[in-house]
Amino acid sequence: MRAPRHRGRQVLLLAVLLAACQPLPHPFADDRPPASLLTVRDSAGISIAPIEGGPSATAEKLGAAVASALGKRDIPASDRTTSLGSYLLYGRLDGQRPRAGKGALTVYWRLQDSGGRLIGERTARLEAPARAWESGDDTIIASLAEASAAEIAPLLADEAAPAAAEVAGGGRTRIAIHPVSGAPGDGAKSLANAIATVLKRQELAVLDDPSAKADVILDGEVTIVPVKPDKQHVKIVWHVRRSDGVEIGTVGQESDVPKGLLDGAWGDVAYSVAIAGADGLLQVIARAAPEGKS
């Protein structure tokens with residue numbers, strides 16, 4: 001099978017800055033997640049290889065649709081990026097000969113860990129008008145993606161993260177994530193949800209209510225400026241503060257991306273940002289946490 005490859009989007013590169021202006025080592029070369037993220041299967045993310053088989057119009061869209069469907073289940077996934085610790089998902093489409101204008105399409109999924117060990121195999125099947133498969137109908141593809149995600153997600157269930165409520169009672173640092181400002185498209189919601197998912201995997205108590213009493217407060221802000229007619233410079237800065245409002249440090253991520261790339265749904269890009277920024281955030285959060293909490 002073909003290995004996952006970078007397609008289309010650029011992953012935002014990370015530069016970690018502390019409030020005291022002392023930079024941390026850069027641990028994210030080649031988009032590699034920190035080793036601490038690899039203790040839980042789905043926190044490292046799933047990299048989806050280009051889908052094999054056809055129809056080609058459906059194959060080209062299915063990977064992104066499955067990434068989105070897995071994201072709704074709090075499983076970071078991407079069909080555009082891969083990391084050293086990513087789990088690898090391979091898909092192959094197999095269609096039956098259309099009858100009376102309808103055709104059934106089956107997708108065979110194979111999930112492996114980063115070392116190539118088989119985690120499991122699953123299939124999903126959907127019947128729809130043949131022309132919908134041939135044209136790459138978004139609604140039909142989304143339905144097949146949802147059915148696929150429902151099959152794939154249980155493969156990761158045995159490593160499920162503890163619920164925030166359970167963690168909160170165990171002396172863990174309580175974090176309130178405030179709305180992200182300045183993000184185009186659905187970035188404000190997508191980025192907040194993605195970073196919350198990744199931090200929960202580290203057994204931090206992420207509070208659902210931003211106004212609840214927290215030990216650490218996390219704010220994010222996005223700025224975008226044009227750099228070329230077809231390029232924009234995107235900068236994301238996470239501010240880590242103690243409950244008294246004192247800022248302990250910041251984690252910044254920035255890169256040039258195609259103009260308008262983030263004007264709609266951020267999808268797996270939000271998870272790529274969260275995974276890349278997690279190690280820096282964890283180090284700053286550790287400084288902000290009250291004594292006796294982790």
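The values are calculated or read from the model by the stated rules, or taken from the named source; none is laboratory data. Bear in mind the structure is a predicted one, so any value in this text is a computation, not a measurement. Positions of Cβ are backbone-derived with ideal geometry, glycine not excepted, and every protein chain shown enters the neighbour counts. To get the accessible areas, we keep the full protein, side chains included, count just its heavy atoms, and leave off ligands, DNA and RNA. Shrake-Rupley method; radii C 1.70, N 1.55, O 1.52, S 1.80 Å.
Tell me yes or no: at least one residue of the stretch 43-63 is small (Gly, Ala, Ser), in a loop (DSSP other than H, G, I, E, B) and under 17 Å from Ala150 (Cα atoms).
Taking the stretch 43-63 as the starting set, the residues that turn out to be small (Gly, Ala, Ser) are 43-45, 47, 49, 53-54, 56-57, 59, 63.
Next, from what is left, pick out any that are in a loop (DSSP other than H, G, I, E, B): 45, 49, 53-54.
Going one step further and asking which of them are under 17 Å from Ala150 (Cα atoms), we end up with 45.
Checking the stretch 43-63: at least one residue is small (Gly, Ala, Ser), in a loop (DSSP other than H, G, I, E, B) and under 17 Å from Ala150 (Cα atoms).
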Quick check on the stretch 131-157: of everything there that is β-branched (Val, Ile, Thr) and open to solvent by less than 50 Å² (accessible area, probe 1.4 Å), which residue is nearest to the chain's Cα centre (by Cα)? Ile152
Looking only at the stretch 114-152, which residues are outside any helix (DSSP H, G or I) and polar (S, T, N, Q)? Ser114, Thr123
Looking at (1) open to solvent by 40 Å² or more (accessible area, probe 1.4 Å); (2) within 20 Å of Ala278 (Cα to Cα); (3) outside any helix (DSSP H, G or I); (4) not hydroxyl-bearing (Ser, Thr, Tyr), which one does Lys189 not meet, given that it meets all the others? (3)
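For residues that are under 17 Å from Leu218 (Cα atoms) and outside any helix (DSSP H, G or I), tally how many sit in the stretch 248-292. Working first, answer last.
Initially, the stretch 248-292 is screened for residues under 17 Å from Leu218 (Cα atoms), giving 248-253, 270-271, 273-290.
Filter again for outside any helix (DSSP H, G or I), leaving 248-253, 289-290.
Adding up the residues that qualify gives 8.
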Evaluation of Arg73 against (1) open to solvent by 70 Å² or more (accessible area, probe 1.4 Å); (2) in contact with a Lys or Arg (Cβ under 8 Å, 6 or more places away or on another chain); (3) touching a residue at least 24 places away in the same chain (Cβ under 8 Å) (one fails), failing number: (2)
Within the stretch 240-255, tally of residues that are of a type outside the set (Gly, Ala, Ser) and over 15 Å from Val273 (Cβ atoms): 7
Counting only residues that are more than 27 Å from Leu70 (Cα to Cα) and open to solvent by less than 20 Å² (accessible area, probe 1.4 Å), the stretch 245-288 contains a total of 4
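Take Val240 and tell me if it is under 17 Å from Ser47 (Cβ atoms), surrounded by 22 or more Cβ atoms within 10 Å (Cβ to Cβ) and not small (Gly, Ala, Ser). Give the steps one after another, and end with the answer.
On the way: under 17 Å from Ser47 (Cβ atoms): no; surrounded by 22 or more Cβ atoms within 10 Å (Cβ to Cβ): yes; not small (Gly, Ala, Ser): yes.
In short, no.
Give the residue, chosen from Asp215, Asp219, that is open to solvent by less than 20 Å² (accessible area, probe 1.4 Å), at pLDDT 80 or above and of a type in the set (D, E, K, R).
Details: Asp219 fails: open to solvent by less than 20 Å² (accessible area, probe 1.4 Å).
Only one candidate passes the filter, namely Asp215.
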For the subset of the stretch 94-118 comprising residues that are surrounded by fewer than 14 Cβ atoms within 10 Å (Cβ to Cβ) and charged (D, E, K, R), which member is farthest from Ser148 (Cα to Cα)? Arg99
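Determine whether the stretch 199-206 contains at least one residue that is under 18 Å from Ala278 (Cβ atoms) and surrounded by fewer than 18 Cβ atoms within 10 Å (Cβ to Cβ).
So the first thing to find is which residues in the stretch 199-206 are under 18 Å from Ala278 (Cβ atoms), and the list is 199-206.
Okay, now just the ones that are also surrounded by fewer than 18 Cβ atoms within 10 Å (Cβ to Cβ), so 203.
Checked the stretch 199-206: at least one residue is under 18 Å from Ala278 (Cβ atoms) and surrounded by fewer than 18 Cβ atoms within 10 Å (Cβ to Cβ).
Is the stretch 223-235 home to any residue that is acidic (Asp, Glu) and open to solvent by less than 60 Å² (accessible area, probe 1.4 Å)? If you could, list the steps in order and put the result at the bottom.
Narrowing the stretch 223-235 to residues acidic (Asp, Glu): 230.
With the extra rule that they be open to solvent by less than 60 Å² (accessible area, probe 1.4 Å), the set shrinks to none.
Checking the stretch 223-235: not a single residue is acidic (Asp, Glu) and open to solvent by less than 60 Å² (accessible area, probe 1.4 Å).
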For the stretch 86-97, does any single residue satisfy the condition of being in contact (Cβ under 8 Å) with a residue 60 or more places away in the chain, out of contact with any strand residue (DSSP E or B) (no Cβ under 6 Å at 6 or more places or on another chain) and not in a loop (DSSP other than H, G, I, E, B)? no
